[in-house]
Amino acid sequence: GYDQRLGDVSTPVAITTPLSGRQIEALAPRHVRSPGGLVSYSNYSTGLLATIVEDVSGLPIEQYERERIWEPLGMRTTQFQTGLTLSSDVAAASYRDDDGSMSPAPFLPFHPYYWPVGAISSSLEDMARYARFHLAAVRGEESPILSAAAHAQLRSVQHRSHPDVGGFGFQMMSFEWNGEVVFGHGGTWPGYESMLLVFPARDVAVFFSIAGPARVGNLSANIQVIERLLGPYRPSRTYVGASEEDLAQYQGAYRSTLRAYSGPEALINFLQPSQRIVVSEG
């Protein structure tokens with residue numbers, strides 16, 4: 001039920017770690033929905049999960065992920081970008097389009113609390129290893145980091161807002177497309193976009209990464225990949241022949257739950273057409 005404040009995710013200054021409880025508490029957004037109702041993605045909750053992992057394991061989250069996930073999977077070049085500038089040989093600098101000419105784009109660093117949310121840099125080879133881990137787990141093969149039962153929970157819907165829409169597993173988004181299950185996760189950051197999509201029934205995984213101006217956009221690129229494998233989306237239910245009264249209940253303006261509900265960010269979200277869907281007669 002947390003508000004979504006994107007302004008806290010980055011920082012223009014270096015911040016000493018580990019963070020104190022007071023610092024973490026100051027970052028907490030207010031509750032805008034009652035827990036257990038509508039489901040929405042939450043950057044703050046992901047950072048909070050990492051804090052819990054640190055408290056339980058006694059390890060900094062970067063060390064925990066390196067020792068418990070990356071190294072067992074052979075991901076040797078994967079690491080956190082913890083500085084105010086790009087520091088890794090495998091991290092590609094982004095570019096921006098200035099009137100048709102490409103120029104280096106400034107790097108926007110992550111606040112330490114949000115490092116686990118999106119500050120990980122990796123190589124395509126490492127991401128291929130990560131994708132193969134998911135495919136092997138779906139096939140029931142033994143994993144060096146996760147049991148078959150735990151992976152089934154990770155990729156299966158645990159929470160969703162409505163039976164007809166996709167939902168969330170454990171840090172994985174899961175949905176059906178033309179009768180086939182697809183799961184994965186991705187993200188967007190100024191100058192960067194990425195997505196991992198896993199198609200269990202086809203034993204196929206696709207990862208793409210974009211460093212530069214987002215001409216296509218994460219969501220559009222996702223759909224292009226999915227349609228190439230599974231075809232254009234066909235709704236499992238049809239409302240052809242439904243009465244006007246049946247359809248009237250769906251008319252109105254809809255807004256994404258993944259938005260800021262207060263402060264300047266709320267106004268910015270409201271002015272973005274992508275944040276509003278209007279369903280009208282016809």
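The values are calculated or read from the model by the stated rules, or taken from the named source; none is laboratory data. Quantities reported herein were computed from a predicted structural model and do not represent experimental measurements. Virtual Cβ from ideal backbone geometry, glycine too; neighbours counted across all protein chains shown. Just the protein is used for accessible areas: all its heavy atoms, side chains included, with ligands, DNA and RNA removed. Shrake-Rupley method; radii C 1.70, N 1.55, O 1.52, S 1.80 Å.
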> Per-residue ellipticity at 222 nm for the chain, helices alone: DSSP H runs ≥ 4 residues times -39500 (n - 2.57), over residue total, nearest 500 deg cm²/dmol?
Replying inline: -8000 deg cm²/dmol
> For the chain, taking Cα atoms only, what is the radius of gyration to one decimal and the Dmax to the nearest whole Å?
Replying inline: 20.3, 62
> Given the Cα-Cα distance of Ser209 and Arg96 and 0.36 nm per residue of separation, how much length would full extension add, in nm?
Replying inline: 39.1 nm
> When the chain is modelled as a GNM with alpha-carbon springs shorter than 10 Å, which of Asn178, Asn222, Asn43 fluctuates the most?
Replying inline: Asn178
> In terms of solvent-accessible area of protein heavy atoms at a 1.4 angstrom probe, what is the ranking of Met127, Met75, Met102, highest value first?
Replying inline: Met102, Met127, Met75
>> Tell me the net charge near Gly83. Cut-off is 15 Å between Cβ atoms, Gly83 excluded, with +1 for each Lys or Arg and -1 for each Asp or Glu.
In response: -2
> If you place +1 on the Cβ of every Lys and Arg and -1 on the Cβ of every Asp and Glu, how big does the dipole about the Cα centre of the chain come out, in debye to the nearest 20?
Replying inline: 160 debye
>> With a 1.4 Å probe and all protein chains left in place, how much accessible area per residue does segment 1-91 have, in Å²?
In response: 58 Å²
> So what's the net charge close to Tyr44: Lys and Arg +1, Asp and Glu -1, counting the other residues with Cβ under 11 Å from its Cβ?
Replying inline: 0
> What accessible area, in Å² to the nearest ten, does a 1.4 Å probe give for Ser20?
Replying inline: 50 Å²
> Of all the accessible heavy-atom surface of segment 13-100, with the other protein chains kept in place and a 1.4 Å probe, what percent is carbon and sulfur?
Replying inline: 51 percent
>> If R₀ is 35 angstrom, what is the calculated FRET efficiency for the pair Arg132 and Glu25, using the beta carbon separation as r and rounding to 0.05?
In response: 0.30
> For segment 1-119, what percent of Cα pairs sit more than 16 Å apart?
Replying inline: 69 percent
> For segment 127-184, which whole-number percentage of the solvent-accessible area (1.4 Å probe, protein heavy atoms only) is attributable to carbon and sulfur atoms?
Replying inline: 54 percent
> Counting only protein chains, not ligands or nucleic acids, how are Val206, Val56 ordered by accessible area (probe 1.4 Å), most first?
Replying inline: Val56, Val206
> What are the semi-axes of the equivalent ellipsoid for segment 72-211, taken as the square roots of 5 times the Cα gyration tensor eigenvalues, largest first, in whole Å?
Replying inline: 30, 18, 15
> Between Tyr192 and residues 5 or more places away or on another chain, which pairs have amide H atoms under 5 Å apart, with H built 1.01 Å from N, and which residues are they?
Replying inline: Gly212
> Which of the peptides 32-38, 255-261 is most tightly packed, and how do the rest follow, judged by the mean count of other Cβ atoms within 10 Å per residue?
Replying inline: 255-261, 32-38
> For segment 134-213, what log10 I(q)/I(0) values come out of the Debye formula at q = 0.19, 0.26 1/Å, with one point per alpha carbon and no solvent?
Replying inline: -0.88, -1.24
>> Multiplying the sequence separation of Leu59 and Ala248 by 0.36 nm and subtracting their Cα-Cα distance, what value in nm do you get?
In response: 62.6 nm
> How much net charge surrounds Ala148 when only other residues with a Cβ under 9 Å from its Cβ are counted (Lys, Arg +1; Asp, Glu -1)?
Replying inline: -2
